[in-house]
Every structure is written in C-alpha cells, then in structure tokens.
Amino acid sequence: MLEVKDIRKSFGGIQAVHECTFTVQEGFITGLIGPNGAGKTTLFNLVTGFHKPDEGKILFKGNRIDGLPPHQIFRKKICRTFQITREYANMTLLENLMVIPENQVGEKIWNTWFRNKAVREQEKTLRDKALEILEFVELIHLKDEYAKNLSGGQKKLLELAKTLMADPQLILLDEPGAGVNRTLMKKLGDNIRSLCAERGITFLIIEHDMDLVMSLCNPVIVMSEGRKLSEGTPEEIKSDERVLEAYLGGQYR
Amino acid sequence: MSLLEVKDIIAGYGETDILNNVSIELLEKEIVSIIGPNGAGKSTLLKTIFGLLTPKKGSVKLQNDVITGLSPDRIVRKGMGYVPQVENVFPSLTVHENLEMGAFIRTDDYRDKLNEIYTLFPILLDRKTDKVGKLSGGMRQMVAMGRALMLDPKVLLLDEPTASLSPLLVGMIFEKIIDINKTGVAMMIVEQNAREALKISDRGYVLVTGRKVFEDNGKALLENEEIGKLYLGG
C-alpha cells in the first residue's frame, strides 16, 4: 500500500533519513520502532508531505506522493497524528472533530441561506459520527469541554479521534501511547485492531511501549541512525541482537 | 519527618475543580509515585505544589513552612525543583547554557555543582556545546533534570520523565532517578510507566478524578490485582 524507496533527507549537514526503504502492506498494523533520534518522525513528515525528500520515491497504491503538499496527501486518505498534540484549544471536543471533513455544505454562504436544511442534515450526520468516535476513544463524557482543558494524555486520544473523522485508509500514529494510562492503552490497542479488521484501515505506528508494539504490530520495522536496521515479526525483533543492542536494552535479553 | 505536606487541596482551572480534597506527603529521602488514569489531576497536583496554580482551598507545606500561594520563583528558592512534562528545556541554548540557566539565581560559585551534574550525566559532557533542540528526547530529559538540580533542591517533582523515550532510555532515566535520590533528594514522580516507577518507589498514591483513592508502599501497589487491572494495564 505504501512504498518508501531509497529515501534520503538531511537538515543542514545532518542526515536524518539515509537510504531508507520499506513497504507497508494493506490491512496490516506495522510498527516502527528505534532509538530516539533515529529518524522515525522525520519519515512520517516525509510520507505526509511536511518535508520533501532530497532523494528517493514514496508511492501510495502505486502512485507517487513524494513532494505533494500535506493537504493533497490528506485527500488521498492518509492521516497522521502528532507527537506534540495540535488541537483547536478554544473549541469543544465535538467541534474539534466536526470541522475535520472537507467541503461541508455549510461552508458556502449561498447554502447557509437557501439550503439550510441540507446544512442541518449534514451537521447532524457529522455530529453523530463525532459522538461515535468520542465514545470509541472514551472521551464522550468531555464532549462539550474545551480542548485546552484536557490533560496531556486525553489530548493524545483526541488526536486519534481527529484522524478517524476523515475516513482514512492509512493512519500514521506518532506515539499514541506516550502519556496514556496503560490500562486505557491496552483498550486502545484492541480498538486499533478492530479498526484494522472491521474497517480495513492500515496502520503505521511509532511507539516506544514494547508491550503495545509487540502485542499489536506485525511486522515491526526497526530504524536506527536514519536507516532500516531490521524488519520482522515481534518475536524475530525481540531476539535480534542488533536491536537489543541499539534499542531494547538488557531487560529483553 | 514530613518534608512536603499537601493538605486538603482543592484546585482547578476557572470554574472546574480538578483536585478535590487531595492530601499527600513526601518524607525525607523518599521516592513517591503518583499514578492514575488520564485526566485524574496528577500534573495539576504537581503544578499546585510548585505554585503554578493557586489552590482554592488547602495548604502546601515545605519543611513545616507554608508555601501555599507563593510564586514558583519563591518556591524554587525554598528548595524545590520541578521538571514539567513538555517544554522543559531551552532548545535554542546549548546544554551548558541550559544548566547555567538553572543556576540563574545563584550568586556563589557553582562550578562544582556543574561538575557534579556532568558526573551524574556523563553523556551531557560530550554534548556540552550542542544546542539542546538538536538532542534526542532522552538527552533533553537529562538536561531538564540536570537544570532542576542546579539549585540543590531538597524536593524534586518530575512530570512523566520517561514519556516518549525508548525502552533503553526509560531504564537509564529510572537509574538516574535512583542516583539522584541517593544524593539525598526526595522525589515525587508522576508516571504512566507506572510499573517501572513503582518498582523504584518507596510509596505510591493512586489518583482518580481528582481524589486520592489508594495509597500504599510501592511493592504492595504492584501486587494489588485490582490496581493492576485498572491502572497498570493488567
């Protein structure tokens, strides 16, 4: 579904991503792990159009998407979350979700006056959808709260909710578990699994919580110093000496 | 002796109360963890203790000295350090400058203290002149902790010190926390990496929707099945 071929990206003199090649298969939950500073987030930025690669190709369903601006990539149904959350602070959670879909009927001034029934109907559909998603990420009790009043972990959940509003085919999650309570994280993992199985959404997930990665993701790709270090099933990764050395450390030996 | 005593705190933002009658304490040389679900008020509690938020009711005492309502800069001078969850370093300054910023209010010679911090985090010495914005998450966390230590605090508050860190670094940060604690600094840690945090904690508190629902020593909390299921991920 997603192919990354020989991608290079440097900032100033620093090579952030170095001849990186991998593929993400449709219908799978692929994990992307690696030490801090390995280039994982840069890779996300390259795939979603926030950076342009210096060299190499990125293909989504066979079409090149490298170099396209973020909004065009979003229209291809690739969505992402950010490590540092980006919510609309002075809007409620419900509003945060309802603004996501593009080209809403009510955006045209003509429609708001002469087709207000259509506007209302679409708003109702969107509201129902937003409520369903808020239920899914367990934020429903806060639907009328301003986003700025959420705790750090709750903002993470709102990020995930926002991607779901856009009916994505591929979701890139940048550390969905950081700062999220472990019990809720487990539940999130179950929910991601069912999104993948039931709605056919493909996931690429950066995460440091190994319990989550190992139980949720297959295959797992390991990056180190801008390159792909290894790829395999969670079991293979856990027993890969290079991965233990660079990333996992002693407790997994 | 109780080093830090938080009593019947009610605090929140605007109309909303986040903390409802929370009382906790930190004894000398202790490591205490605060755990609980998202939005329970854990970070708010640390902010209230550090004076970033004035409580509507209740008191905070540091060594029997009431510090409720004091501004953070006054509280820092009384011997408390705080490392927030995000934006805890100056990215455009170098490692060394960040540490020096921590000693901003010191008028004496703090070179020994700087050396002490470089001994604690040898990895920072190699990166002394690098801008912190270029460093990875783990090193930034060390810079933030090092900076908070520049004023010789008796109490250090850490808000999710291991969030977003690789497993290797999580282990390393917890080791550093133990090292810092051994120098006589009492620590209060908010963590979602709760299992690991409780392993190194003398005691722990479970906070849920702004109330303290449980407290015990670290080992007992780890072995408590219900707590495990509800807050530690089973």
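Taken together, the values in this text are just the output of simple stated rules run on the coordinates, not laboratory data. What you see is a predicted model, and the numbers here were worked out from it, not measured in a lab. For neighbour counting, all protein chains shown are included, and Cβ atoms are generated from backbone atoms with ideal geometry for every residue, glycine included.
Over segment A:145-253, what is the mean sequence separation of C-alpha contacts under 8 Å (at least six apart), divided by residue count, expressed as relative contact order in percent?
Numbers: 102 pairs, mean separation 20.4, N = 109.
For segment A:145-253, the relative contact order is 19 percent.
Please list 3J(HN,Hα) in residue order for segment A:236-246, calculated via the Karplus relation 6.51 cos²θ - 1.76 cosθ + 1.60 where θ = phi - 60°; whole Hz, with x for glycine and proline.
In residue order, the calculated couplings are 4, 5, 5, 9, 7, 4, 5, 5, 4, 5, 7 Hz.
Would you mind giving the mean number of other chain beta-carbons within 10 Å of the Cβ of each residue in A:31-41, as a whole number? Show your work: numbers first, answer last.
Working: counts 0, 0, 2, 1, 8, 12, 7, 2, 0, 0, 0.
Going residue by residue through A:31-41 and averaging, the value is 3.
Ratio to report: Rg/Rh of segment B:1-110, with Cα atoms as the point set and Rh obtained by the Kirkwood method; give two decimals.
In segment B:1-110, Rg relative to Rh is 1.00.
Below 8 Å, C-alpha to C-alpha, sequence gap of six or more: please give me the relative contact order for chain B in percent.
On the way: 447 pairs, mean separation 64.3, N = 234.
After rounding, I find 27 percent.
When Lys and Arg each count +1 and Asp and Glu each count -1, what net charge do the other residues less than 14 Å away from residue A:144, Cβ to Cβ, add up to?
0
Between residue B:3 and residues 5 or more places away or on another chain, which pairs have amide H atoms under 5 Å apart, with H built 1.01 Å from N, and which residues are they?
B:26, B:27, B:28
Given the pairs A:155/B:199; A:76/A:148; A:5/A:228; A:148/B:42; A:40/A:186; A:143/B:229, which are separated by over 19 angstrom at their Cα positions? Before the final figure, lay out each step's value.
Values: A:155/B:199 28 Å; A:76/A:148 30 Å; A:5/A:228 11 Å; A:148/B:42 16 Å; A:40/A:186 23 Å; A:143/B:229 26 Å.
Checking Cα-Cα distances, A:155/B:199; A:76/A:148; A:40/A:186; A:143/B:229 exceed 19 Å.
List, in order, the whole-Hz ³J(HN,Hα) value for each residue of segment A:212-224 obtained from phi through the Karplus relation with A = 6.51, B = -1.76, C = 1.60 and θ = phi - 60°; use x for Gly and Pro.
5, 4, 5, 8, 9, 9, 6, x, 10, 9, 10, 10, 8
Please report A:146, A:247 as a ranked list, fewest other C-beta atoms within 10 angstrom at the top and most at the bottom.
Starting with the residue having the fewest Cβ neighbours, the order is A:146, A:247.
Evaluate the charge dipole of segment A:90-149 about its Cα centre and quote only its size in Debye, nearest 20, assuming +1 on the Cβ of each Lys and Arg and -1 on the Cβ of each Asp and Glu.
Computed about the Cα centre, the dipole is about 340 debye.
Going by amide H atoms built from the backbone, whose H comes under 5 Å of the H on residue A:230, apart from near neighbours?
HN-HN under 5 Å from residue A:230: A:222.
With each pseudo-label sitting 7 Å past Cα toward Cβ, what's the residue B:115-residue A:110 distance in nm, one decimal?
7.8 nm
Average partner chain C-beta neighbours within 10 Å, per residue of A:149-157?
Rounded to a whole number, the mean comes out at 5.
Go through B:201, B:188, B:48 and say which Cα lies farthest out towards the positive end of the charge dipole of chain B; charges sit on Cβ, +1 for Lys and Arg, -1 for Asp and Glu.
B:48
Out of the DSSP beta bridges found with both residues in the protein assembly as shown, what percent are antiparallel (nearest 5)?
Working: 43 of 75 bridges.
In the protein assembly as shown, DSSP labels about 55 percent of beta bridges as antiparallel.
For A:71, A:18, what ranking results if the residue with the fewest other Cβ atoms within 10 Å of its Cβ goes first?
Least to most surrounded, the residues fall as A:71, A:18.
Could you give the alpha-carbon Rg of the protein assembly as shown over 2.2 N^0.38 Å, rounded to two decimals?
1.02
Per q in 0.17, 0.20, 0.22 Å⁻¹, report the Debye log10 I(q)/I(0) for segment A:90-149, using one uniform scatterer on each alpha carbon and no solvent.
Log-scaled intensity ratios, in q order: -0.60, -0.76, -0.86.
Averaged across A:179-192, how many Cβ atoms of other chains sit within 10 Å of each residue's Cβ atom?
Shielding by partners across A:179-192 averages 5.
Charges at C-beta only: +1 for Lys and Arg, -1 for Asp and Glu. How large is the resulting dipole of the protein assembly as shown about its Cα centre, in Debye rounded to 20?
Working: 64 positive and 66 negative charges, 222 e Å.
Taking the Cα centre of the protein assembly as shown as origin, the dipole is about 1060 debye.
Can you tell me the length gained on complete extension of the stretch residue B:29 to residue B:213, counting 0.36 nm per residue apart and subtracting the Cα distance?
The span from residue B:29 to residue B:213 would gain 63.8 nm if fully extended.
So for the pair residue A:118, residue A:92, with labels modelled 7 Å out along Cα→Cβ, what separation do we get in nm?
For residue A:118 paired with residue A:92, the spin-label model returns 2.7 nm.
With equal scatterers on the alpha carbons only and no solvent term, can you work out the Debye log10 of I(q)/I(0) for chain A at 0.13 1/Å?
Relative scattering, expressed as log10 I(q)/I(0), comes to -0.85.
When the Karplus curve 6.51 cos²θ - 1.76 cosθ + 1.60 is applied with θ = phi - 60°, which whole-Hz ³J(HN,Hα) does each residue of segment B:25-31 get, with x for Gly and Pro?
Here the 3J(HN,Hα) series is 9, 10, 8, 4, 6, 8, 10 Hz.
Per Stokes-Einstein, at 25 °C and 0.890 mPa s, what whole-number D in µm² s⁻¹ belongs to segment A:149-253, with the Kirkwood radius over Cα pairs as the hydrodynamic radius? Can you show the working numbers first?
Details: Rh = 14.9 Å.
The calculation lands on 165 µm²/s.
Which of A:99, A:222, B:143, A:243 comes first, and how do the rest follow, when ranked by fewest Cβ neighbours within 10 Å?
Ordered from fewest to most neighbouring Cβ atoms within 10 Å, A:99, A:222, B:143, A:243 come out as A:99, A:243, A:222, B:143.
What are the radius of gyration and Dmax of segment B:1-56, computed over its Cα atoms and given in Å?
11.5, 36
Along Cα→Cβ, 7 Å out, is where each label goes; now give me the distance between the ones at residue A:225 and residue A:61 in nm to one decimal.
3.9 nm
How many Å³ per residue does the convex hull of the Cα positions in segment B:89-234 occupy?
125 Å³
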